[in-house]
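These notes concern the structure reproduced below.
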Amino acid sequence: MSIIDMHVHTKYSACSHIEIHELLSTLSALLNVDGIVITDHDVINGARIAQKYAKEKYDIKVFFGIEVTTLDGHLLAYGIDETLPVGLRAIDTIKEIHKKGGVVVASHPFRNVYGSLGDLVYNLGDVLDGIEVANAMDSKKAKAKARLAAQQLDLTMIGGSDAHSLKCVGRSTTIFETTIESIDDIVDAIRKNQCRPYVSF
Ligand SMILES: [Zn+2]
Ligand SMILES: [Zn+2]
C-alpha cells in the first residue's frame with residue numbers, strides 16, 4: 001500500500017511559492033504521505049529538480065506529472081515526461097496525452113472558478129481515466145459533485161492537495177492498493193481503478 005499526494009505545485013507554477021527543498025523536508029516529516037506527484041501548471045522543470053533532490057537526500061518519493069491548461073479547464077496528466085501544448089480543447093489534450101501513453105484525470109472539475117471542466121466532464125466520460133474528487137482546495141459541494149460524476153461515469157477517483165503553499169501539502173491524498181515505485185505503477189493503478197481518495201484531516 002502507498003499513500004500519494006497526486007497534485008502538488010512548486011514555485012515553478014506562477015501561482016505557488018513553494019521552494020523545492022522546503023517541500024521535500026516538510027514531506028519527509030509527514031507520516032501519512034509516502035510520495036507526491038508534482039503537477040505544476042504546464043511545466044515539468046520543478047518536478048525534475050525535485051526528483052533529483054529527493055533521491056539525493058530526502059525520505060520521500062517524487063514522481064512527475066503536469067497540470068495542463070486547456071480551453072475548457074485543467075487536466076492532470078500522469079505518465080508523460082514532456083510538456084504539452086496549452087490552450088487546446090480538453091478533448092484534443094486528452095487525445096494527445098493518450099497518444100503519448102499517459103492517463104488523464106479531470107482536476108477539481110466543479111470548482112467554481114476559471115480552470116474547471118464543470119459539466120463537460122459528463123461529455124468526456126468515455127475518454128477520461130479518472131476524476132479528482134478530493135482536492136483539498138475545493139468546497140464540500142464541489143467535491144460532492146465531482147464524486148457523483150465519477151460514480152455515474154464509473155471512473156477512477158483520486159485525491160490530491162493541490163497545494164500551492166507548504167501548509168496544504170498532504171491534506172488530500174490517494175491510497176494505492178500496491179506499493180508505488182514508479183509513475184508507471186500510478187498509471188497502471190489508475191487504469192485498473194486500484195486506488196481511492198483519502199482525506200487525512
Ligand atoms: Zn487546477
Ligand atoms: Zn493545481
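Using a cutoff of 8 angstrom between alpha carbon atoms and counting only pairs six or more residues apart, the relative contact order for the chain works out to 23 percent.
A crude spin-label estimate for the pair ASP126 and GLU56, with each label 7 Å from Cα along the Cβ direction, gives 4.9 nm. Packing order of peptides 88-96, 7-15, highest average first: 7-15, 88-96 (average count of other Cβ atoms within 10 Å over each peptide's residues). Around ASN32, what is the net charge, scoring Lys/Arg as +1 and Asp/Glu as -1 over all other residues with Cβ under 11 Å from its Cβ? Around ASN32, the charge tally is -1. Pairing the Cα long axis of helix 45-57 with the longest principal axis of the chain, what angle in degrees results, from 0 to 90 and rounded to the nearest 10? Result, in degrees: 40. For the chain, with a Gaussian network of springs between Cα atoms less than 10 Å apart, report the residue from ILE180, ILE158, ILE38 with the top mean-square fluctuation. Largest GNM mean-square fluctuation: ILE180.
Overall shape of region 12-100 was characterised from the C-alpha gyration tensor. The equivalent ellipsoid obtained from it has semi-axes of 27, 13, 11 Å, in decreasing order.
Only Cα pairs under 8 Å and 6+ residues apart enter the sum, and on that basis the relative contact order of region 136-186 stands at 30 percent.
Below 8 Å between Cα atoms, with a sequence gap of 6+, how large is the relative contact order for region 1-118 in percent?
In percent, rounded to a whole number, it is 20.
With r as the distance between the Cβ atoms of ARG191 and ASN45 and R0 = 30 Å, compute the FRET efficiency 1/(1 + (r/R0)^6) and round to 0.05. Rounded to the nearest 0.05, the efficiency is 0.65. Equivalent ellipsoid of region 2-199: semi-axes from √(5λ) of the C-alpha gyration tensor, largest first, are 24, 17, 16 Å. Give the angle, between 0 and 90 degrees and rounded to the nearest 10, that separates the Cα long axis of helix 20-29 from the longest principal axis of the Cα atoms of the chain. Rounded to the nearest ten degrees, it is 80. Between the Cα long axis of helix 183-192 and the first principal axis of the chain there is an angle of about 30°, rounded to the nearest 10.
Read the figures in this text as sums done on the coordinates, not as results from a lab. These numbers were taken from a predicted model, which means no experiment stands behind them. Positions of Cβ are backbone-derived with ideal geometry, glycine not excepted, and every protein chain shown enters the neighbour counts.
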